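Novice: If you scroll down you'll find the structure; I have some questions about it.
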Amino acid sequence: MPKILVISDSKEIESLLKPFCSECTVMGQKRKSQHPDGVLLDRYDIAFLDLSLDEWRDSLLQLRQRLPVVGFSAAEIAVAIEAMQLGVSDIIEKSLTRKAIEQTIAKHKRKFLTHSEGFDEIIGKSVLMQDVFGLIKKAALTESNVLITGESGTGKEPVARAIHRWSPRSQKSFMTINCSAIPDTLLESELFGFEKGAFTGANYTKKGILELADGGTVFFDEIGDVSPLFQTKVLRVIQEGEFMRVGGARVHHVDVRFIAATNQDLKALCRKGTFREDLYYRLNVINIHLPTLRQRMEDVPLLVQHFIRKHAPKRKDILIRDISDDALTMLMNYPYPGNVRELENIIEHTVSFTSGPEILPSSLPQVLQQSPPRKRSATPKMREAVAAYEKELIWAALQEARGNISKAAQILGIYRQQLQRKIKQLRIAT
Ligand SMILES: Nc1ncnc2c1ncn2[C@@H]1O[C@H](COP(=O)(O)OP(=O)(O)OP(=O)(O)O)[C@@H](O)[C@H]1O
Ligand SMILES: [Mg+2]
């Protein structure tokens, strides 16, 4: 159930909304000084704003970028129109009824934050991912370009989509151009489009991604792979917002926001001279760096559940519902060099091969069966480390003394009784 924030002086609205939310906070403009600040706003999924309030505009400007805002009680149609222009996500035109509220909430559900377990379609409850969610929301508020970095498989694409979906451009297109290992000529005609007759086989005019995304967002995936020549052309579009179709002579203007992603170290590429530094700075206005899965292993169980739900419908013969504790432990002990993508592949594979409703260790792929248990922590506690070392020394002394405790004590330079106590304490089998 969503958490709803209501800005209204009306008392009745709280009882109207109560059945639809887990938490409902009503605050009127008389209590404006108590308006939640940005951090607190993040606790809510959706806001209902009373447009009959004198200061509804101020409230809207404060709220609109952080959560969907539904306007209601517009005194005149002109107010409703102005509210739409100022960025309300929706308007309830007639009076606020249960039915209207229910429908509106259902309509905006996709945008709700379930802060505890993820954001948009990105799963994660770890502190590292919560930080990423905060950055996504900040990036969505601005028009600045964003560079998303992180190892392969960390989820750079869903992050780019979430930024677009949460931005004021969400009603316009989100277009991806995959720059990896595509020859320049192809990239250019994809991005800029081409005129009829521009090259052999161009027997029609085609719009490029830039034109199609006008007003929206263009996502350059694997930007680290593009040639210096293409970088120059991209830079021009970013700087001037203009380009020409391949084989064309007319300059086209577009309004797009750029998001780029790479698993390479662009700074290092700049030093090497294979990536333009000016382009790097243009793209890297906001940087969102995604943690590896190894750094956020506490998210593994949630991701596992998510991927089971996602892939289970592929099995028509049985319904796979869950995973056994042992199998989950094995998944928690694997280092995931391929990050979330690898975990998803593992679950997908397992779902197709498992024979019961619960995933058992035996259904997991070979690679997990062999993986050595991960060390619980890189820096063990002093007491544990000392105990392990003592155990090793005593064991070695006992072996040398062929099990003779007096002799082993002599080797270790301690009293026999002391050694006996230690053996008992450390549960060493003699
Ligand atoms: N936090 C997450 N929650 C849910 N799904 C995720 C998450 N992170 C990644 N995924 C999924 O894992 C897969 C790999 O993610 P993605 O393709 O974005 O990787 P990438 O970071 O772009 O890697 P590469 O650099 O190799 O392209 C996708 O199917 C994506 O939906
Ligand atoms: Mg990718």
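Novice: Have a look at Arg169, Arg57 and point out the one that is among the basic types (Lys, Arg), more than 14 Å from the chain's Cα centre (by Cα), over 28 Å from Ser22 (Cβ atoms) and assigned to a helix (DSSP H, G or I).
Specialist: Arg57
Novice: Would you confirm whether any residue within segment 153-165 is hydroxyl-bearing (Ser, Thr, Tyr), within 16 Å of ligand 2 (Cβ to nearest atom) and under 17 Å from Thr262 (Cβ atoms)?
Specialist: yes
Novice: Another question about this same structure. Hey, can you tell me all the residues within segment 213-236 that are more than 16 Å from ligand 1 (Cβ to nearest atom) and among the charged types (D, E, K, R)?
Specialist: Listed by number, the residues that qualify are Asp214, Lys233, Arg236.
Novice: Right, something else. Test Arg165 against the criterion of being more than 10 Å from ligand 1 (Cβ to nearest atom), of a type in the set (D, E, K, R) and crowded, with 20+ Cβ neighbours inside 10 Å, and give yes or no. Can you show your working first?
Specialist: Values: more than 10 Å from ligand 1 (Cβ to nearest atom): yes; of a type in the set (D, E, K, R): yes; crowded, with 20+ Cβ neighbours inside 10 Å: no.
No: the conditions fail for Arg165.
Novice: Looking at segment 253-297, which of the residues that are among the hydroxyl-bearing types (Ser, Thr, Tyr) and not in a loop (DSSP other than H, G, I, E, B) is nearest to Ile123 (Cα to Cα)?
Specialist: The residue in question is Thr262.
Novice: Okay, moving on. Could you check segment 213-245 and list, in sequence order, the residues that are surrounded by fewer than 20 Cβ atoms within 10 Å (Cβ to Cβ) and touching a residue at least 60 places away in the same chain (Cβ under 8 Å)?
Specialist: Listed by number, the residues that qualify are Asp221, Ile238.
Novice: Also, I was wondering about something else. Return the pairs, sorted by first residue and then second, in which the second residue is part of a loop (DSSP other than H, G, I, E, B), the first residue lies in segment 302-321 and is assigned by TED's automatic domain parsing to the domain that holds Lys125, the beta carbons are less than 9 Å apart, and the residues are 6+ apart or on different chains.
Specialist: As it stands, the answer is none, since no pair meets every condition given.
Novice: Among the candidates Val218, Val226, Val256, single out the residue that is within 16 Å of ligand 2 (Cβ to nearest atom), under 18 Å from Thr176 (Cα atoms) and at pLDDT 95 or above.
Specialist: Going through Val218, Val226, Val256 in turn, just one is within 16 Å of ligand 2 (Cβ to nearest atom), under 18 Å from Thr176 (Cα atoms) and at pLDDT 95 or above: Val218.
Novice: Tell me the residue from Ile91, Ile105 that is in a strand (DSSP E or B) and in the same structural domain as Leu41 (by TED's automatic domain parsing), please.
Specialist: Only one candidate passes the filter, namely Ile91.
Novice: While we're looking at this one, here's another question. Mind listing just one residue for me: the one in segment 102-135 that is within 16 Å of ligand 2 (Cβ to nearest atom) and modelled with pLDDT of 90 or more and, of those, nearest to Val304 (Cα to Cα)?
Specialist: Top of the filtered list is Ile122.
Novice: Of all residues in segment 320-340, which are within 13 Å of Pro301 (Cβ to Cβ), within 22 Å of the chain's Cα centre (by Cα) and among the small types (Gly, Ala, Ser)?
Specialist: The answer is none; no residue qualifies.
Novice: Which of the following residues is buried (at least 17 other Cβ atoms within 10 Å of the Cβ) and either within 16 Å of ligand 1 (Cβ to nearest atom) or farther than 18 Å from Phe258 by Cβ (or both): Leu191, Leu187, Leu135, Leu210?
Specialist: Testing whether each residue is buried (at least 17 other Cβ atoms within 10 Å of the Cβ) and either within 16 Å of ligand 1 (Cβ to nearest atom) or farther than 18 Å from Phe258 by Cβ (or both) leaves just Leu135.
Novice: I've got another one for you. Out of Gly150, Gly215, Gly197, Gly201, report the one residue that is in the same structural domain as Ile238 (by TED's automatic domain parsing) and in contact with a strand residue (DSSP E or B) (Cβ under 8 Å, 6 or more places away or on another chain).
Specialist: Gly150
The values are calculated or read from the model by the stated rules, or taken from the named source; none is laboratory data. None of these values were measured; they are calculated from a predicted model. Positions of Cβ are generated from backbone atoms using ideal geometry, with glycine treated the same way; all protein chains shown enter the neighbour counts.
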